[in-house]
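Novice: Take this structure, written in structure tokens, and hold onto it; I'll ask about it next.
Just so you know, all these numbers are worked out from the coordinates, no wet-lab data involved. This structure is a prediction, so every number in the text was calculated from the model and none was measured. Cβ sites come from the backbone with ideal geometry, for glycine too, and all protein chains shown count toward neighbours.
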Amino acid sequence: PSAPPLLELRGISAAYEQVEVLHKVDLAVPTGKVMAVLGPNGAGKTTMLKVITGLHQPTAGDIYLAGRCVTGAAPVDLARIGLCSIPEGRGVFPNLTVSENLWMATYRGVSRKEIEEKVFPIFPRLEQRRNQAAGTMSGGEQQMLAVARAIATNPAIILLDELSMGLAPLVVDQLYDVVGKIAETGVTVLLVEQFARTALAVADLAAVMSGGRILQVGTPDEIAGDLHSAYLGG
Ligand code: ATP
């Protein structure tokens, strides 16, 4: 008997200037699981995340968060009910220190000390660099900080867009280790990646998206077995 999905898309379509780029997408992200959405450039992955986070309004369909219809809700209201997104590109404040960046999450009423006690055990490297300006850290460290800041807000679900972008394979592996640790704390994760290997290693479920449609959903083994390289953009 499985719990109802934490996030569910039902018949979501979306367009830019009358051109439809998502075509009746159905997707269910189970509570406490990591779901990876894979697909080539232009598949519609980022658009789907924008629709989920309230940054782009769908032309059809509905979105449910913890069983509640949230279609049309503003990003800030979605954040308040536990939806947290880390967009492509990192969005840390370069002139603030690591600790100051983490403290930005205190708007949800958590103390600075609580945030550090929650985050530093998962990200020991950030503790070592707590007083360093974020902008002087490596790309991978900055991405880690963005993830840490998201965790600090105690989200129910985290959306990750192309975590691996521009990073060396070893760094990507380290980041995905962290994603695995986050999932172990019970946070649901929806992640989007163009390249599959690392994402499939950490995911419980994977979906393949192409041409604005979900083509397949399955376990990482099923998806890896069936994937045609064309879907992955090479
Ligand atoms: P990538 O991996 O390259 O980021 P993606 O799967 O995230 O690709 P989207 O960025 O969602 O794909 O793009 C889906 C389609 O929508 C593409 O054809 C793209 O050109 C188009 N598109 C995206 N953003 C806009 C925009 N602001 N205006 C017009 N068309 C857009």
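Novice: Among Leu7, Ser210, Ala196, whose Cα sits farthest toward the positive end of the charge dipole of the chain (+1 at Cβ of Lys/Arg, -1 at Cβ of Asp/Glu, about the Cα centre)?
Specialist: Leu7
Novice: Related question: Which residues does the label zone of Arg130 cover in segment 62-104, counting backbone N under 20 Å from a point 7 Å along Cα→Cβ?
Specialist: Answer for segment 62-104: 93-104.
Novice: Which residue, chosen from Pro94, Pro40, Ala148, occupies the Cα position most advanced towards the positive end of the dipole of segment 1-148, where the dipole is computed from +1 (Lys, Arg) and -1 (Asp, Glu) charges on Cβ about the Cα centre?
Specialist: Comparing the listed Cα positions along the dipole, Ala148 ranks first.
Novice: Could you list the square roots of 5 times each eigenvalue of the Cα gyration tensor of the chain, that is, the equivalent ellipsoid semi-axes, sorted largest first and rounded to whole Å? The partial results should precede the final answer.
Specialist: Numbers: eigenvalues 161, 82, 55 Å².
Taking √(5λ) for each Cα gyration eigenvalue gives 28, 20, 17 Å.
Novice: Give me the Kirkwood hydrodynamic radius of segment 106-214, using the inverse of the mean 1/r over all pairs of distinct Cα atoms, in Å to one decimal. Before the final figure, lay out the partial values.
Specialist: Numbers: mean 1/r = 0.0672 Å⁻¹.
Averaging 1/r across every pair of different Cα atoms and inverting gives 14.9 Å.
Novice: Magnitude of the Cβ-charge dipole of segment 1-113, K/R +1 and D/E -1, about the Cα centre, nearest 20 debye?
Specialist: Values: 11 positive and 8 negative charges, 93 e Å.
I would put it at about 440 debye.
Novice: Nothing charged except the Cβ atoms of Lys and Arg (+1) and of Asp and Glu (-1): what's the magnitude of the dipole of the chain about its Cα centre? Round to the nearest 20 debye. The partial results should precede the final answer.
Specialist: Values: 19 positive and 23 negative charges, 109 e Å.
With Lys and Arg at +1 and Asp and Glu at -1, about 520 debye.
Novice: Thinking of segment 65-155 as a set of Cα atoms, what percent of all their pairs are more than 19 Å apart? Kindly include the intermediate steps, with their values, before the conclusion.
Specialist: Numbers: 1644 of 4095 pairs.
I get 40 percent for the Cα pairs in segment 65-155 exceeding 19 Å.
Novice: Share of Cα-Cα pairs in segment 1-55 beyond 15 Å, in percent?
Specialist: Working: 788 of 1485 pairs.
Percentage above 15 Å: 53.
Novice: Can you tell me how much longer the chain between Asp26 and Thr59 gets when fully stretched, taken as 0.36 nm per residue apart minus their C-alpha distance, in nm with one decimal? Walk me through the intermediate numbers first.
Specialist: On the way: separation 33, 0.36 × 33 = 11.88 nm, distance 1.41 nm.
The Asp26-Thr59 span can extend by a further 10.5 nm.
Novice: Which order results if Leu191, Leu205, Leu9 are arranged by neighbouring Cβ count within 10 Å, fewest first? Intermediate results must be reported in sequence, preceding the final value.
Specialist: Numbers: Leu191 26, Leu205 20, Leu9 23.
Least to most surrounded, the residues fall as Leu205, Leu9, Leu191.
Novice: Still on this structure: What distance in nm separates the two pseudo spin-label positions at Asn95 and Leu215, each 7 Å out from Cα along the beta-carbon direction?
Specialist: Each label point is offset 7 Å from its Cα along the Cβ direction, giving 4.7 nm.
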